[in-house]
Structure formats: C-alpha cells, structure tokens
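Worksheet for the structure shown next.
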Amino acid sequence: MQKKYQHNNLWEETSKITFRNRVLREDITAEVVIIGGGYTGLSAALHIAQKGVDVVLLEAKTIGHGGSGRNVGLVNAGLWTPPNEVEEFLGIEQGAKLNRALASGPDLVFQLIETCKINCDAKRNGTLHCADTDRQINDLKSRFYQQVARNAPVELLGVEETFVRTGSPQFVASLFDPRAGTIQPLSYAKGIAWAARKAGADVYQNSPVTSVMFYNDHWNIETPNGTVKAKKIIQATNAYSNDFKNNGLHKNQFIDVHYFQMATEPLPQEIRNTILPNGEGCWNCATVMTSFRLDDEGRLLIGAVGKLSGVGGYMHRAWAKRKLKLLYPQLVGIDFKNEWHGRISMTSDHLPKVVGFGPNAISIFGFSGRGISPGTVFGKCAAKWAESGDCEAFPVEISIKKKEHFKKIKSNFYGIGAALTHFVAARF
Ligand SMILES: Cc1cc2nc3c(=O)[nH]c(=O)nc-3n(C[C@H](O)[C@H](O)[C@H](O)COP(=O)(O)OP(=O)(O)OC[C@H]3O[C@@H](n4cnc5c(N)ncnc54)[C@H](O)[C@@H]3O)c2cc1C
C-alpha cells in the first residue's frame, strides 16, 4: 500500500533564513501596495524601497508560500520558449526586448544574492538541458544556434562529455548554459524579503488581501485585521491568485499546472561524487519533462509535471522511483524522504503577462514554469513603473484583460497526460 500525499517541502526544512511573522493590524497609508510575497512582489518591494518610495507588501501566508518556496531552484537565462519563437509571437522588436531582458536575468539574481548577502546555497555552475534520444538532439541544436546568434556562451556537449557532467548513462547530448545556476529557492525569497525590509519596505505576512476598491482617488485595500490606502497596486499573486477569497483583485488568466518534486536523504559521499560533480541543474527534452539536481547537502531531487495528491500521486511516485534508478543505477536501495508539489501559471503562448486592471493597478503573472529570473526582473521593472508610471518599463506591453479559453480542459490535459505518461513509463 503506497502512502498518501503529505506536503513535506525540503526547502522549508533546510532554509537557514528565518523571516519573522508580522501581521497587519492597523490602518496605514503607502504610495505603493504589493500583493504577494514571492520573487516578483519581493523584488518589486526591494527596488521600490531602494528608491525611497513608501511601499507595503502583503502576503496571505508566509514569504515563499507560492511557487517561490517550492520550485526546483534552476536560475535560468531566458524562457522555456526558444528566443526565435518569442520574437515570432511578439514581433521582432518587442520579442528581442523580452529576450534581452531575460537573458541577463541570472546576472540580476546572482548580483542581488551577493549584494544583499543572501545565504541561499547559490551556485553559478550552469545548467544542462539533456537529450534522451538522438531525435531530441535536433531540438538542442536548434536552441544552441538560436542562442549563439544572440552571443550566448552556450555549449553543445556530446554523449561522452554529457556522461562526465551528469554521471548518468541516460543521455546522448546536452546543452550547457554557463549563465545559469542553482539556489535554495525559499532562502532566496526570504533573503529578498529581509533586504526589502532593510531598505525600508513594510512586509506583512498572514495578511491576505480580501478586497481592493478604488474610491476618492485612492486604492483601499482590506485584510482581516487592517487596511492600506495607496495610490498604486502591484498584484504579484501568479498561480496562487485564486486561493484566497478576495473582491476586486485581478482574476489572472492562466492554465493551472502542477509540478512535483521528490528528494532523497543526503547521499553517501562516495555515491555523491559520481553524480553531477560540477553541481549543474538539469532537465531533459521529454514532452513530460524531468528535472534533477543535487542540493547543498547532497540530496538528489527529481521533479516532473503532476500533483502528488489523489490517484495521480501513486503513478508519479512509482515513476519517480523507477526514474531515479534509470538515471543513476548506483542509487539502488535509496528511497525518497521529501515530496511536495506546487502550481505553475501557464499561459497559452508560455509568455509572462502584465495586465492593467484599474488606475495605477497592474497584475504580473504567467511565468509558465520559469519565474526565478523573470520574476526578479519583472519585479525590478515594476519598481520603475511605480516610480515613473512609464508603460515601457516592462519588456512586454501592459495589456488589458485577455481571456484564456478552455482553462480547465487544458489544465486536465497537462495533469492527466503527465499521470498517464508516468503510469506507462513506470512499467516499461
Ligand atoms: C514545483 C515548481 C518548480 C518550479 N521550478 C522552477 C525553476 O526551477 N526555475 C524557475 O525559474 N522557475 C520555476 N518555477 C516557477 C517559479 O517558481 C514561479 O514562476 C515563481 O516562483 C513565481 O513567483 P511569483 O512571485 O510571481 O509568485 P509566487 O511565488 O507564487 O507568489 C505569489 C504569492 O501571492 C500570495 N497571494 C495570493 N493571493 C493573495 C492575497 N489575496 N493576498 C495576499 N497574498 C496573496 C501567495 O500566498 C503567494 O505567496 C517552478 C514552479 C513550481 C511550482
């Protein structure tokens, strides 16, 4: 009998940063209110406070409760969508602007970690995008040439070098991106929260926004125990926007996709030495992607699309056990200790969105599974927008609400598709 899902997030266990709880219990005013304490909201709060502007951040639960405290920790350059496609979707000029802004995303993340002295196990050792089959090499080649055309320092590695780097016999090639790296994701979020508070931002936890209303030339924001009156709102609730009952917040339009991770205990040193000796973060080219990496203490983490609760959970667990041994046969007899999942806000074109939903009010979402660098970058852009009102502050246009059609059907497509794929893969 397999066990039931119990949320047991490794990052909550291993984060060395504590961020004190503070609930909003009074009526206050601010120039800008940020709703959501993930990378986007926190980066916005930090950069706004650094400009000397009065800013308040309200988080419904605790810092990093959303994707920012649950992710794989791969600090990528650019989006999942290859840069040529980004330019096809947005047009050459706008697409190139977005590609440029996100190519340098890891620079911003690792600079922040250094200047704010964030203790988040940051390693800028690059990432490996791995091909399991010869056919997938074409995808890697296409991504390689698109990146080289934009002067990215990427390298296409053959079967032998990929084996040396990953320590896994599973792959026939890989694309190495030295701009990227890995972090302890929850520690990074808490670290930015500290830096924002130090810069002068008021950061509140366990203060869900229940209502926002614009009257008398101001936004009036309500939480259960206090209110804020502000001129501007930045909503940074991403995939967690519908979890808390609220009136007046923007209803972000996205496809709800779950992603889970499972982690072993710290591996014995002699085995650890045989796996990812340079510490790159990795994922493969499969339609239902697998991610894998080591954490700072030598645990191996495997992740994929899907949620661990419900029937699908049994299929994903069986798959993960089998996948672990396929990737690293030397791990026979080693089981997982931690398991957890989180939600990704996927948009149809897989591009992030900034939507205006009232006077001086924007919502930023839709990172489609790539939000560490993009969230940090968009948060910084939001600070520029809040200071100047400049609509060009973002590398995408500020749009008005656009409906995402057939959200439920598409969400089921991802969820059921991943579960069935894992069900089959666990058996053959
Ligand atoms: C399992 C998983 C793996 C991933 N792996 C990677 C990866 O390796 N690399 C990468 O770049 N990206 C990855 N991502 C995506 C990345 O984590 C997200 O894109 C990113 O964290 C989004 O940050 P955010 O600040 O926009 O939103 P979030 O971090 O989700 O924060 C939103 C916050 O808003 C709060 N909130 C919601 N409603 C209210 C309200 N009414 N009042 C107050 N607060 C509210 C929530 O509690 C939440 O804390 C992954 C995501 C998941 C789930």
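Bear in mind these aren't lab numbers, they're just calculated from the coordinates by the rules spelled out. From a predicted model like this one, the values you see are computed outputs, not experimental measurements. Note that we place each Cβ from the backbone using ideal geometry, even for glycine, and neighbour counts take in every protein chain shown.
Please pull out the direction-averaged projected area of segment 32-123, using the convex hull of its alpha-carbon atoms, in nm² to one decimal place.
Mean shadow area of the hull around the Cα atoms is 7.4 nm².
Would you mind telling me which residue in I113, I416, I275 has the biggest mean-square fluctuation in a Gaussian network model of the chain, where springs connect alpha carbons within a distance under 10 angstrom?
The residue with the greatest mean-square fluctuation here is I416.
Put +1 on the Cβ of each Lys and Arg and -1 on the Cβ of each Asp and Glu in the chain; which of L324, T29, A49 then has its Cα farthest toward the positive end of the dipole?
L324
Counting pairs of alpha carbon atoms under 8 Å apart in space and at least six apart in sequence, what relative contact order in percent does the chain give?
Relative contact order for the chain comes out at 24 percent.
Grab the DSSP H runs of the chain that are 4 residues or longer, score each as -39,500 (n - 2.57), total them, divide by all residues and round the 222 nm result to the nearest 500 deg cm²/dmol.
The per-residue figure over the chain is -10500 deg cm²/dmol.
Projected area of segment 219-263, taken from the Cα convex hull and averaged over every viewing direction, in nm²?
4.9
Cα-Cα pairs above 21 Å in segment 123-234: how many percent?
61
Residue farthest toward the positive end of the dipole of the chain, with Cβ of Lys/Arg at +1 and Asp/Glu at -1: which of F19, A425, V396?
A425
For segment 344-396, take the convex hull of the Cα atoms, compute a quarter of its surface area, and give me that in nm², please.
Approximately 3.6 nm², given one-decimal rounding.
Cut-off 10 angstrom, C-alpha nodes, Gaussian network model of the chain. Which of F260, F89, F144 fluctuates the most?
Looking only at F260, F89, F144, the biggest GNM fluctuation is shown by F89.
Over the chain, what number does the Rg to Rh ratio reach, with both radii from the alpha-carbon atoms and Rh per Kirkwood?
We get a ratio of 0.96 for the chain.
Based on alpha-carbon centroids, what's the gap between segment 250-308 and segment 44-114 in Å, whole number please?
If you average the Cα positions of each part, the centres end up 20 Å apart.
Could you point to the residue in N216, F413, S309 farthest towards the positive end of the chain's charge dipole, with +1 and -1 charges on the Cβ of Lys/Arg and Asp/Glu respectively?
The residue sitting most towards the positive pole is S309.
For A361, list long-range residues whose amide hydrogen, built 1.01 Å from N in the peptide plane, is under 5 Å from its own amide hydrogen.
It is I233, by chain and number.
For a 20 Å ceiling on Cα separation, which of these pairs sit above it: K141/K323; K51/K380; K4/K337?
K141/K323
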